[in-house]
Amino acid sequence: MTKKIFLSIIAVSFLAVTAAIFLLTGVSYSHNADEAADSLRLNCTIISSAAELNGDEYLVGTDFGSLRVTWISESGQVLFDSSRDPLQLDDHSDRKEVEEALRSGSGNSERYSDTLMTKTVYYAVRISDGSVIRVSDEQMSFAAMLLKNLQPLVVILTVLALCSLISAIMISRRIVRPINDIDLDHPKIEKSYKELSPLLEKLRKQNGRINRQMIELRQSREQFSLITESMSEGLIIADQKANILTSNSSAYTLLGAECGTDDHTVFSLCRTEQFRRCIQDAMGGRRSECIISTDSGKRSVIASPANSHDTVNGIVVFVIDVTEQQQLETMRREFTSNVSHELKTPLTTIYGISDMLANGMVKAEDVGSLSSDIRNEADRLITLINDIVSLSKLDESSAPRQDEEVDLYDLSAEVISRLQISAKEKNVTAELTGDHVTVFGSRTILGEVIFNLCDNAIKYNREGGSFSVKVSHIPMKAIITVSDTGTGIPEKHLSRIFERFYRVDKSRSRKIKGTGLGLSIVKHGADYHGGTVRAESTVGKGTSFIVELPIDKQHGERTAESAS
Ligand code: ADP
């Protein structure tokens, strides 16, 4: 703006000065020309009067100075000329001033030289004999006058240009300063130019609107990032070149990527081929999914293109932790194959023996023992099926809960009495100690938990050994500890004994009836109540299983809900 004002001032000044020079020169030129014409007319009148009186002697004998005097006959022939030989001059009757003088008594005209630098002014008067006396004088033309004054004009122009330059700088700065000083964030109308008031008022309103929109934008951005940050799923939004526009921290955590690297593309988050292909598919306009393995587990990646009018404007990528899902899937597959295997073994035995019996291939004395084998295998099948049913019930998180107040001491006493026969068979003694601690839960499931622990304490005990059940509590927690004097469990197996169908020593365990599902039921039972179970064991000395359950009813319910 300063530059524009400055240039305008300079241009106006230049034009004004130039116009002034032209006008002044013009005025003075016209004034001079008028004066010269008057003086020429006067001279012509005097000379013509003198010539009329004294004839050609006057003309020949007089020095006319810079004036040129010509005597022209009525027919146009030049009779005398003060600066040229009359014989060399042609007929003058066609000269404008001569023509006029012959016609009306006097005439004048002016003619420019070839270069337009000089002008000759003529004045002619008819004298009494009908001839014409013409006087002419050379004058400077307007252009010649301008050229003559060029030097002082250039000096004046330069001085004026400098003055207008300095004043243009000062004026333009003075004009622009108040505009520059306007605080655009808080424009004050009274301090500025009146003419700017509507603009500043508009600016003030627009500022208010922009501020409100900025606040709204910031709020919605904050809300968006609050929502996306609270998501456990990873979310990445990228442009069509895969440059990340927005993302949440879960995306980085799940993909095991580092924030703040120089590479800002989605590809930098995971370098696997599947991930790259998945993203490229989405960039190509196709929704794509893949499962990738990271150091911390399996991730499902879903990449969708964001299209508008068949053009991919960007991509949206979801990252979901599917480790548990995949583990469950693996467990389900293993469980099915284990169940089939465990069912097949006793069924094969039963089928084999009954086939032999049906074909009369068995001696009469062996029938009894083979029948008891069939019974044992059938027993095993029933136990297995019962365990599977118990587990599947525990797996059904949606099944309605039938919780009640359960006295763990009384329940333990009941379980021990149910196991008296098998304890006696193994010559194992049982002891129950502790307090009447009540929890809010499923009597049936808690009964199964205690039963399986006590059953194992007898099964994996030595001849003449013992086991104890202790019911105690600490603030907010009930504790059931089942300890035995049995074989113990080697350290390396302790972390796996709660898995389905896991048996520590398969060959030895085969002699001991079991399905490998008992401790799995215990763990699920504890989970169901929002509790935990752990084992402590010393090989050759015995094992303790410690089950901790929340006492507080609400807490129990809450934790149980989250566990399910
Ligand atoms: P099972 O039906 O084989 O008893 P469980 O799930 O109850 O299945 O137990 C898994 C494995 O843990 C058992 O096969 C056994 O090897 C070991 N185990 C469980 N309880 C005890 C215990 N009290 N003492 C020693 N080993 C045990």
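Name the long-range amide H neighbours of His473: under 5 Å, sequence gap of 5 or more, or other chain; modelled H, no Pro or chain starts.
Ile479
Please give the contour-minus-distance gain from Glu463 to Lys513: 0.36 nm per residue of separation, less the Cα-Cα distance, rounded to one decimal in nm. Working shown, then result.
Working: separation 50, 0.36 × 50 = 18.00 nm, distance 1.59 nm.
Net length gain for the segment: 16.4 nm.
Any chance you could list the semi-axes, whole Å, largest first, of the equivalent ellipsoid that the Cα gyration tensor gives for segment 429-539, using √(5λ)?
Details: eigenvalues 110, 56, 31 Å².
Whole-Å semi-axes of the equivalent ellipsoid: 23, 17, 12.
Quick one: dipole size for segment 393-533, taken about the Cα centre, charges +1 on Lys/Arg Cβ and -1 on Asp/Glu Cβ, in debye to the nearest 20. List each step's numbers first, then the result.
Working: 20 positive and 19 negative charges, 182 e Å.
Dipole magnitude for segment 393-533 comes out near 880 debye.
Working out 0.36 nm times the residue gap between Asp355 and Ser340, then minus their Cα-Cα distance, what length gain in nm do you get to one decimal? Please list the in-between numbers first.
Working: separation 15, 0.36 × 15 = 5.40 nm, distance 2.13 nm.
The span from Asp355 to Ser340 would gain 3.3 nm if fully extended.
By the gyration tensor of its Cα atoms, with a ≥ b ≥ c the square roots of the eigenvalues, what is the shape of segment 220-260: rounded for a/c under 1.5, prolate for a/b over b/c, or oblate?
Numbers: a/c = 2.06, a/b = 1.11, b/c = 1.85.
It is oblate, given that a/c is not under 1.5 and a/b is not larger than b/c.
Pairs of alpha-carbon atoms within less than 8 angstrom and 6+ residues apart define the contacts here; what relative contact order does segment 103-221 have, in percent?
The value is 13 percent.
Using every pair of alpha-carbon atoms in segment 15-85, split the distances into 5 Å bins beginning at 0 and state the percent of pairs per bin, rounded to integers.
3, 14, 17, 18, 12, 9, 7, 7, 6, 4, 2, 0
I want the local charge near Met356. Using Cβ-Cβ distances under 12 Å, sum +1 for each Lys or Arg and -1 for each Asp or Glu among the other residues.
Result for the neighbourhood of Met356: -2.
Just the projected area, averaged over all directions, of the convex hull on the alpha carbon atoms of the chain: how many nm²?
Details: hull surface 240.6 nm².
Mean projected area of the Cα convex hull: 60.2 nm².
Using θ = phi - 60° and the Karplus form 6.51 cos²θ - 1.76 cosθ + 1.60, what ³J(HN,Hα) does each residue of segment 514-526 get, whole Hz, x for Gly and Pro?
x, 10, x, 10, x, 6, 5, 5, 4, 4, 4, x, 5
Treating only the Cβ atoms of Lys and Arg (+1) and Asp and Glu (-1) as charged, compute the dipole magnitude of segment 336-375 about its Cα centre; round to the nearest 20 debye.
Numbers: 3 positive and 5 negative charges, 16 e Å.
Computed about the Cα centre, the dipole is about 80 debye.
Among the listed pairs Lys344/Lys513; Lys241/Lys298; Lys119/Lys148; Lys344/Lys511; Lys459/Lys523, which have their C-alpha atoms separated by more than 23 angstrom in this model?
Values: Lys344/Lys513 16 Å; Lys241/Lys298 26 Å; Lys119/Lys148 15 Å; Lys344/Lys511 18 Å; Lys459/Lys523 19 Å.
The answer is Lys241/Lys298.
Could you list, bin by bin from short to long, the percent of Cα-Cα pairs of segment 1-139 in 5 Å steps?
2, 10, 16, 19, 15, 9, 6, 5, 4, 4, 3, 3, 2, 2, 1, 0
First obtain the Kirkwood hydrodynamic radius of segment 100-192 from its Cα pairs, then insert it into the Stokes-Einstein equation at 4 °C and 1.567 mPa s, and state the resulting D in µm² per second as a whole number. Each step should come with its number before you reach the end.
Numbers: Rh = 19.1 Å.
Answer from the Stokes-Einstein relation: 68 µm²/s.
Classify segment 434-473 from the C-alpha gyration tensor, please: rounded if a/c falls under 1.5, else prolate or oblate depending on whether a/b exceeds b/c.
Details: a/c = 4.95, a/b = 1.69, b/c = 2.93.
Oblate, since a/c reaches 1.5 and b/c is not below a/b.
At a Förster distance of 22 Å, what's the computed FRET efficiency of Leu199 paired with Lys4, Cβ-Cβ distance as r, to 0.05?
Values: r = 17 Å, r/R0 = 0.77.
That gives a FRET efficiency of 0.80.
Hey, quick one: spin label on Leu245, modelled 7 Å out along Cα-Cβ, who in segment 302-329 has an amide N within reach, i.e. under 17 Å?
The answer is 303-318, whose backbone nitrogens lie closer than 17 Å to the label point.
Normalised by the number of residues in the chain, what is the relative contact order in percent for Cα pairs under 8 Å and 6+ residues apart? Numbers along the way, then the final one.
Working: 855 pairs, mean separation 39.9, N = 564.
That works out to 7 percent.
So for segment 197-295, what percent of the C-alpha to C-alpha distances run longer than 20 Å?
Values: 2534 of 4851 pairs.
Value for segment 197-295: 52 percent of Cα pairs lie more than 20 Å apart.
For the chain, which cysteines have no disulfide-compatible partner, meaning no other cysteine Cβ under 4.7 Å?
Cys44, Cys163, Cys259, Cys270, Cys454
Could you derive backbone 3J(HN,Hα) for segment 403-408 from the dihedral phi with the Karplus parameters 6.51, -1.76 and 1.60 (θ = phi - 60°), listing whole Hz in sequence and x where the residue is Gly or Pro?
Whole-Hz 3J(HN,Hα) from phi for segment 403-408: 8, 8, 6, 10, 7, 5.
Decide, for segment 253-331, between rounded, prolate and oblate: order the square roots of the alpha carbon gyration tensor eigenvalues as a ≥ b ≥ c, take rounded if a/c falls under 1.5, and otherwise choose prolate if a/b is larger than b/c, else oblate.
Working: a/c = 2.63, a/b = 1.44, b/c = 1.83.
Cα axes put segment 253-331 in the oblate bin.
Please give me, ordered by residue number, the trypsin sites (Lys or Arg not before Pro) of segment 262-320 that lie in loop per DSSP and have at most 16 other Cβ atoms within 10 Å.
Details: sites: Arg271, Arg276, Arg277, Arg286, Arg287, Lys298, Arg299; in loops: Arg271, Arg286, Arg287.
Hits after loop and neighbour filter: Arg271, Arg286, Arg287.
Per residue and in Å³, how big is the convex hull formed by the alpha-carbon atoms of segment 292-389? Walk me through the intermediate numbers first.
Working: hull volume 17.3 nm³, N = 98.
Cα-based convex hull of segment 292-389, divided per residue, equals 177 Å³.
Arrange His92, His309, His436 by Cβ neighbour counts within 10 Å, fewest through most, would you? Mind dumping the intermediate values first?
Numbers: His92 23, His309 5, His436 10.
Least to most surrounded, the residues fall as His309, His436, His92.
How far apart, in nm, are the 7 Å Cα→Cβ label points at Leu79 and Leu24?
Label at Leu79, label at Leu24, 4.9 nm between them.
Quick one: Karplus J couplings for segment 533-539, per residue in order, coefficients 6.51, -1.76, 1.60, θ = phi - 60°, nearest Hz, x for Gly and Pro?
9, 9, 10, 10, 8, 10, 4
Just grab the label-to-label distance for Phe142 and Ala50, each label 7 Å out from Cα along the Cβ direction, in nm (one decimal).
Here the modelled spin labels are 3.5 nm apart.
Mind checking the full-extension length gain between Ile179 and Gln325? Use 0.36 nm per residue of separation minus the Cα-Cα distance, one decimal, nm. Mind dumping the intermediate values first?
Working: separation 146, 0.36 × 146 = 52.56 nm, distance 6.69 nm.
That works out to 45.9 nm of additional length.
Quote the relative contact order of segment 395-485 in percent (integer), defining contacts as alpha-carbon pairs under 8 Å separated by 6+ residues. Write out the running numbers ahead of the final one.
Details: 149 pairs, mean separation 29.6, N = 91.
Here the relative contact order equals 33 percent.
State, to one decimal in nm², a quarter of the convex hull surface area for the C-alpha atoms of segment 343-466, i.e. the direction-averaged projected area.
Working: hull surface 42.1 nm².
If I average the Cα hull's projected area over directions, I get 10.5 nm².
Which GluC sites (Glu not before Pro) in segment 312-411 pass both tests, a DSSP loop state and at most 15 other beta-carbon atoms within 10 Å? Present the calculation step by step, with values, prior to reporting the outcome.
Details: sites: Glu324, Glu329, Glu334, Glu342, Glu365, Glu377, Glu396, Glu404, Glu405; in loops: Glu396.
Here the sparse-neighbourhood loop sites are Glu396.
Each value in this text was obtained by applying a stated rule to the coordinates, not by laboratory testing. Model, not experiment: these values are computed from the prediction. Quick reminder, even Gly has a Cβ in these numbers, built from the backbone with ideal geometry, and neighbours come from all protein chains shown.
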